[in-house]
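The values are calculated or read from the model by the stated rules, or taken from the named source; none is laboratory data. It should be emphasised that the depicted structure is a prediction, and the values quoted were computed from it without experimental measurement. Backbone-built Cβ (ideal geometry, glycine too); neighbour counts: all protein chains shown.
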Amino acid sequence: MGKLRVILVDDHEVVRVGLRTLLGRNPDLDIVDEASSGQEAVRKALMHRPDIVVMDVRLAGMSGIEACREITQAAPAIKVIMLTSYGDDDTLFEAIAAGASGYVLKQIGSNDLVKAIETVGRGDAALDPATTSRVFARMREEARKKEESAFSELTEQELRVLSFLAEGRTNREIADALTLGEGTVRNYVSSIFSKLHVNNRAEAAAYAAAHNIRDYL
């Protein structure tokens, strides 16, 4: 792998000079340009097509996160490392959702920043261990909420009916299992179809399986 071509983005000249000085000492890095705003970052990134953009999260006008989103959508091969003074979770997840490949604090040492750039240059994500654990915890929580919301409109009885339906049971078999009339089960099935926006038993069963209905019984 040749030199990694890097663009530095920060609205403070002193910070850019410091980054250029620190990173410029590394023979494997080539600082091809700088930018002081999100708009300028997008323009120069698409002009130079660097390997990596190291960009401050908080920029006047277009934020670093907005610029990251525009860059990664227009040129997915360009990797973005967000540099920030703040380690709050909301900003972290916004950056990842915008396509950032790395998220590091400005307090990071120069050697660690170089390692983060090299890591991203190899196609991996650069997050410190504490950040990584928060990312996975948040992902698990979001997945759990998504699964719960998948059945949120169903009553407990409809959920039970759906679980039997997913097993391939007939209305008569479901009625016997739940001590209900077959007509009542038909009404439940119709309501389930409507609430889940499915057209038939096969689609309802597939929906139930895809969203792990057994976890909610």
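Restricting the first residue to region 47-62 and requiring it to be in contact (Cβ under 8 Å) with a residue 12 or more places away in the chain, which pairs with a second residue that is in a strand (DSSP E or B) and hydroxyl-bearing (Ser, Thr, Tyr) meet a Cβ separation below 6 Å and a spacing of at least six or different chains? Taking only residues 6 or more apart or on different chains, the pairs are VAL57/THR84.
Consider region 164-185 and keep the residues that are of a type in the set (Gly, Ala, Ser) and crowded, with 17+ Cβ neighbours inside 10 Å. The one that is farthest from ALA202 (Cα to Cα) is ALA175.
In the set (1) at pLDDT 95 or above; (2) over 24 Å from GLY2 (Cβ atoms), LEU59 fails one condition alone, (1). On the given criteria, is ALA77 of a type outside the set (Ser, Thr, Tyr), surrounded by fewer than 16 Cβ atoms within 10 Å (Cβ to Cβ) and assigned by TED's automatic domain parsing to the domain that holds ALA41? Taking the combined requirement at face value, the residue satisfies it. Name the single residue, out of those in region 69-104 being under 13 Å from the mean Cα position of the chain (by Cα) and β-branched (Val, Ile, Thr), that is farthest from THR119 (Cα to Cα). Out of the qualifying residues, it is THR91. Residues satisfying the criterion are present in region 186-194 (criterion: among the hydrophobic types (A, V, I, L, M, F, W, C), buried (at least 16 other Cβ atoms within 10 Å of the Cβ) and in contact with a Leu (Cβ under 8 Å, 6 or more places away or on another chain)).
If you check GLY18, GLY24 for being surrounded by 15 or more Cβ atoms within 10 Å (Cβ to Cβ), within 18 Å of ASP112 (Cβ to Cβ) and in the same structural domain as LEU83 (by TED's automatic domain parsing), only one passes: GLY18.
If I go through region 69-115 residue by residue, how many of them are part of a strand (DSSP E or B) and basic (Lys, Arg)?
So in region 69-115, the residues part of a strand (DSSP E or B) come out as 79-84, 102-105.
Pick out the ones that are also basic (Lys, Arg) and you get 79.
Within region 69-115, residues that are part of a strand (DSSP E or B) and basic (Lys, Arg) number 1.
LYS44 meets all of the listed conditions (1) free of Cβ contacts under 8 Å to residues at least 24 places away in the same chain; (2) in contact with a Pro (Cβ under 9 Å, 6 or more places away or on another chain) but one, namely (1).
For region 161-176, the set of residues classified as assigned to a helix (DSSP H, G or I) and small (Gly, Ala, Ser) consists of SER163, ALA166, ALA175, listed by residue number.
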